[in-house]
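The numbers here are math on the coordinates, done by the rules we state, and not lab data. Every value quoted in this text rests on a predicted model; they were computed, and no experiment measured them. With ideal geometry, Cβ positions are generated from the backbone for all residues, glycine too; neighbour counts draw on all protein chains shown.
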Amino acid sequence: MNEIVASSTTTIFLAFAVIGSVLVYLILLFDKRQRRKLKAVLSKTGDVKPLFMVRAANEKLHTIKQICDNDASAARTLVARQLDELVADYDKGNISLNDYCNKLNRLLAMVA
């Protein structure tokens, strides 16, 4: 009787060991495929501008333009001129998106 119990226990243990090994192999295979896909996506999107930063810059630009259009004082015309120069420099590619956002923040602080 002991031999039957020992034999079935060994068989069950080996079955679980084999099934576990297969599951670990499948998980590692899936992980490897996902990493390859992620590297491909990251390499394709490496030169794309940060979407939220562009959106924030557009919001700031719109707000500054509204404020300058509503008030035609000398300070506002100075800010409007600086804004036009800043936008022109950004459109030409002379300044980075980070610098553009920082300068828009300064202009927004001047008019707010």
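Points to keep in mind about this one:
- Within the range 48-102, being free of Cβ contacts under 8 Å to residues at least 24 places away in the same chain, among the β-branched types (Val, Ile, Thr) and part of a helix (DSSP H, G or I) holds for one residue alone: Thr77.
- Filtered residues of the range 9-60 (kept if among the acidic types (Asp, Glu) and within 30 Å of Leu86 (Cβ to Cβ)): Asp47, Glu59
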